[in-house]
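Engineer: One structure coming up, written as structure tokens, with questions to follow.
The values are calculated or read from the model by the stated rules, or taken from the named source; none is laboratory data. Note that the structure is a prediction, hence the values are computed from the model and not measured. Virtual Cβ from ideal backbone geometry, glycine too; neighbours counted across all protein chains shown.
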């Protein structure tokens, strides 16, 4: 049996992660190759230096190829950045003949995607929600139903054409073709959310290096998405400026000594590290560090709260928030989020993996793993469509044969 291989490239502000996996069964896959490389030329999720970004991506791909023994020719790729926006749209078509068929469904889907896109913008995701037949909502598959009017709603995600093409150029430099772009929080949703959470109403919040990415799920569909241009790198920068540290040193201080809630830190807790202009390590108060982290992290969640309220769905999220991304590793961040948002918050990491998973058992890799699940769904959908096409062709041949038998 031919191996079912999927490849994902997660291009972030702080790291590029390439994963190669084999699909073993539904919702389970084996990681065959991992390539992690520090990002260069990426700022707030967007390419700012093509040669540097291309080099980081190429090295990440090569590492994954070496560990797996496989060659990467195409991949599903993450996309983020402040250039991302979204709108909700609705379309209606009339039904001729009374019974809804594939043609009617295709017509209404084409209609809902036919929106005026601003100059230098492209549609990344046209995410259909449920259908309505003659005013009856919540229909997943209307084919075969009787009605005179078919409606569908869609959440359409739009991005900057130049930003997308700049990233594509970087991927192509690594001799890899882009199969599909996937917005970060949608990839997260495939690996960290439960079906019950999606049904009840939940928000997935991915705090990465340069951005905080949001997706709201209600009735199992995506109702709202947004990218906030503030992330973990801003916390690191605050620490670097306050304590006069190099960025790399500030990042280590954040990881080793950081906490989002100053009240949990004693007044006499200290740590030591070298600063600019000094040969010996300086002494710093850990509570002061926590206060710096708290201020920026609280700001992030205040921006998240504003976005939730702006969406108009703030009363439709009983399952609360699922927090992921590298910044979710910060101690106390879930409690702080819950205090600001007034909703339940849990931290999630990838599940249902085998193989080379030691490096991936962290919220920092939720998007990377989620891309693999998205690729798996896309592959299964393609195979299903192919089988349907073969089945329809066979049926057409039988019909033709029978017609030829008639006098």
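Engineer: When the residues of the stretch 175-192 are filtered to those that are surrounded by 24 or more Cβ atoms within 10 Å (Cβ to Cβ) and more than 9 Å from the chain's Cα centre (by Cα), which remaining residue is farthest from residue 297 (Cα to Cα)?
Structural biologist: Top of the filtered list is 191.
Engineer: Out of all the residues in the stretch 21-39, is one or more touching a residue at least 40 places away in the same chain (Cβ under 8 Å), surrounded by fewer than 20 Cβ atoms within 10 Å (Cβ to Cβ), touching a strand residue (DSSP E or B) at 6+ places or on another chain (Cβ under 6 Å) and not in a strand (DSSP E or B)?
Structural biologist: no
Engineer: Is it fair to say residue 60 is surrounded by fewer than 18 Cβ atoms within 10 Å (Cβ to Cβ), under 25 Å from residue 188 (Cα atoms) and touching a strand residue (DSSP E or B) at 6+ places or on another chain (Cβ under 9 Å)?
Structural biologist: Spelling it out, it is not the case that residue 60 is surrounded by fewer than 18 Cβ atoms within 10 Å (Cβ to Cβ), under 25 Å from residue 188 (Cα atoms) and touching a strand residue (DSSP E or B) at 6+ places or on another chain (Cβ under 9 Å).
Engineer: Within the stretch 239-260, track down each residue that is buried (at least 17 other Cβ atoms within 10 Å of the Cβ) and either within 31 Å of the chain's Cα centre (by Cα) or closer than 16 Å to residue 298 by Cα (or both). Please lay out each step first, then the result.
Structural biologist: So in the stretch 239-260, the residues buried (at least 17 other Cβ atoms within 10 Å of the Cβ) come out as 239-240, 243, 245, 249-251, 253-254, 257-260.
Hits for the stretch 239-260 are 239, 240, 249, 250, 251, 253, 254, 257, 258, 259, 260.
Engineer: Moving on. Which of the following residues is modelled with pLDDT of 95 or more, touching a helix residue (DSSP H, G or I) at 6+ places or on another chain (Cβ under 6 Å) and part of a loop (DSSP other than H, G, I, E, B): 72, 93?
Structural biologist: Result of the check over 72, 93: 72.
Engineer: Being under 18 Å from residue 192 (Cβ atoms) and not in a helix (DSSP H, G or I) is the filter here; which residues of the stretch 355-383 pass it?
Structural biologist: 357, 361, 362
Engineer: Which of the residues spanning the stretch 219-235 are in contact with a strand residue (DSSP E or B) (Cβ under 7 Å, 6 or more places away or on another chain) and either surrounded by 24 or more Cβ atoms within 10 Å (Cβ to Cβ) or in a strand (DSSP E or B) (or both)?
Structural biologist: Result: 221, 222, 223, 224, 225, 226, 227, 228, 231, 232.
Engineer: May I ask you to say which residue of 263, 238 is over 30 Å from residue 123 (Cβ atoms), part of a helix (DSSP H, G or I) and free of Cβ contacts under 8 Å to residues at least 12 places away in the same chain?
Structural biologist: Answer to the check: 263.
Engineer: Something else about it: Can you find even one residue in the stretch 201-218 that is closer than 21 Å to residue 319 by Cα, surrounded by fewer than 23 Cβ atoms within 10 Å (Cβ to Cβ) and out of contact with any strand residue (DSSP E or B) (no Cβ under 7 Å at 6 or more places or on another chain)?
Structural biologist: yes
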